[in-house]
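Below is one structure, written out as structure tokens, with a few remarks after it.
What follows draws every value from the coordinates through simple rules; no lab data is involved. Remember, it's a predicted structure, so these values are computed and weren't measured experimentally. Note: ideal-geometry Cβ built from the backbone for every residue, glycine included; neighbour counts use all protein chains shown.
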Amino acid sequence: MAKEKNNIEVENTDKEEVYVSEFEKLYKESIKSFNNGEIVTGKIVAITSKEVVVDIGYKSEGAIAISEFSDPDALKIGDDVEVYLESKEDENGMVVLSKQKAERAVGWDMVISRYGEGDVIDGKVTKKVKGGFMVDIGVEAFLPASQAALKTFGNLNQMVGQAFPFKIIKINKPRKNIVVSRKDAMQQQKDEDKKKVFETLQKGTLISGIVRNITDFGAFVEINAGIIGLLHITDMSWGRVSHPSEVLAIGDTIDIMVLDFDPNSMKVSLGLKQKTPNPWETVDTKYPAGTKVKGTVVNLMPYGAFVELEKGVEGLLHISELSWTKKYNHPNEMLAIGDRIEAQVLDVDKANRKISLGLKQLESNPWVDVDAKYPVGTKVKGKIRNLTDYGAFVELEDGIDGLVHVSDISWTKRIGHPKDVFKKGEKIEAVVLAVDSINRKISLGVRQLSADPWDEIAGKYAPDSQMPGKVTKIANFGLFVEISPDLEGLAHISEINLAEGDKLEEKFKVGDELKVKVVKVDSVTHKIALSLKV
């Protein structure tokens, strides 16, 4: 019996050793099936305020910080979870696991398999770091601050926690780094939106837009999706526009017409005046020459006044057409902006959109019968209205002036300036010398009131006759000498005895009394030649 017992005990011992060796073999095989760096599936076996304990079927369990879980409140014991095996055993003999690294590894594989550089992917800005932000796109990516927005964003910290589309601009596979750009994604979306808008644009259609900027040559209008079109100053109104600010202001919302567009350059030409019919198409029949019209003075220029006859149609009232008789230096001497006036249409140029107006044509032209009223030789009286270097303007009647030229003031006296003889406002008598009704000119003479004395002078002052005289003016070519009241002659420098180096202004002075000899009297040119060589 003892022997049998011993045999039984031996058998039992052998079986236990067999069981143990089989278990160790399976245990060792199970350990070999796990490698560091792998993603494995485990089961949550315990949850604390700080850790989540996960069993991956290894000889020990692993503890993962609860902060690695995006939604800790949703965790339950028994849930399966994918984790990253960092190490099979730490200093405490436990498996080292990571939930975040598992997610990153899975995310990296997912992103790399589906996306490449240049692709757009949705992501969420998770935190701000030096030089930019970290973005969760399924894997952590870096967003440089310079790529955060198209324009200055203000406070960039406001982006944290927000989701946006991002464009992948660089992938470094060895380092598992991804750089993204929100700016490029926004620009791409903007370009795509613009293309869609251009696909719907049609010439001649009306669209709404907002005035974004105004320049001297036009206005830039945003029509849709950031597309900026140009509304040129010439397309703002059928009438004259000096500056776009007369028609529009920044921020105005307007309805405009698409005139032309180029999808390649993304340029759009817009028109405002094209919304209404062109009023110039009918101006030749509506405002024929000779028609009396009413309008409003809208602008004054040195050369004339612009008068608005209707919306988009203006005529020019030239300064020369203001009055038959009065001369204006500027239209503002007669008109003001806003004045409502009546005028006559003088000419219509439909092709060049020009209408010429006249104001004086509403009154009779006083110059029409001036030839009959003031025939040549007529003695007239008038008041000196103005004095110039070349003569005196004499008002004969309201709006009718005659000119007394400086050469027609005296037969014998040399006149330097009319003011030496006349005074403004003085009433004088004169003789009509010539009349030009077309150019509205009347020539007058004062010396013609008396007979020409030069035939008598020629007989009185025979050649070689001598007489005293007085220097009245010294010129570089000779001396003017008065030989009787209001009668002068010229002693040319060649008729004056001068030593070498002598100068007239040094040897003579005005007022000097001299003895002179008559060389010649020209009764036609009214000149007397004298000589000091007596």
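Some observations on this one:
- Across the range 100-119, the number of residues qualifying as buried (at least 16 other Cβ atoms within 10 Å of the Cβ) and under 45 Å from the mean Cα position of the chain (by Cα) comes to 0.
Okay, residues lined up against (1) crowded, with 17+ Cβ neighbours inside 10 Å; (2) closer than 14 Å to Ala343 by Cα:
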{"position": "Trp238", "(1), (2)": "yes, no"}
{"position": "Thr253", "(1), (2)": "no, no"}
{"position": "Leu270", "(1), (2)": "yes, no"}
{"position": "Trp280", "(1), (2)": "yes, no"}
{"position": "Val283", "(1), (2)": "yes, no"}
{"position": "Val293", "(1), (2)": "yes, yes"}
{"position": "Val297", "(1), (2)": "yes, yes"}
{"position": "Pro302", "(1), (2)": "no, no"}
{"position": "Glu321", "(1), (2)": "yes, yes"}
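- Taken over the range 374-393, residues that are in a strand (DSSP E or B), over 55 Å from the mean Cα position of the chain (by Cα) and either under 20 Å from Asp420 (Cβ atoms) or not hydrophobic (A, V, I, L, M, F, W, C) (or both) amount to 3.
- Subset of the range 358-397 [crowded, with 16+ Cβ neighbours inside 10 Å and closer than 11 Å to Trp324 by Cβ]: Gly358, Leu359, Lys360, Gln361, Pro366, Trp367, Val370
- If the condition is being touching a Lys or Arg at 6+ places or on another chain (Cβ under 6 Å) and part of a strand (DSSP E or B), then the range 476-493 contributes Phe480, Glu482, Glu488.
- Strands (runs of 3 or more DSSP E) completely within the range 35-134 that count 1 or more residues being of a type in the set (D, E, K, R): 39-47, 51-55, 80-87, 120-129
- Ile233 without any contact (Cβ under 8 Å) to a residue 40 or more places away in the chain, surrounded by 14 or more Cβ atoms within 10 Å (Cβ to Cβ) and in contact with a helix residue (DSSP H, G or I) (Cβ under 8 Å, 6 or more places away or on another chain): yes
- When the range 177-192 is filtered for residues that are touching a strand residue (DSSP E or B) at 6+ places or on another chain (Cβ under 8 Å), surrounded by fewer than 16 Cβ atoms within 10 Å (Cβ to Cβ) and assigned to a helix (DSSP H, G or I), the ones remaining, listed by number, are Gln188, Gln189.
- Each residue in the range 175-221 was checked for being among the aromatic types (Phe, Trp, Tyr) and free of Cβ contacts under 8 Å to residues at least 12 places away in the same chain, and 1 of them qualify.
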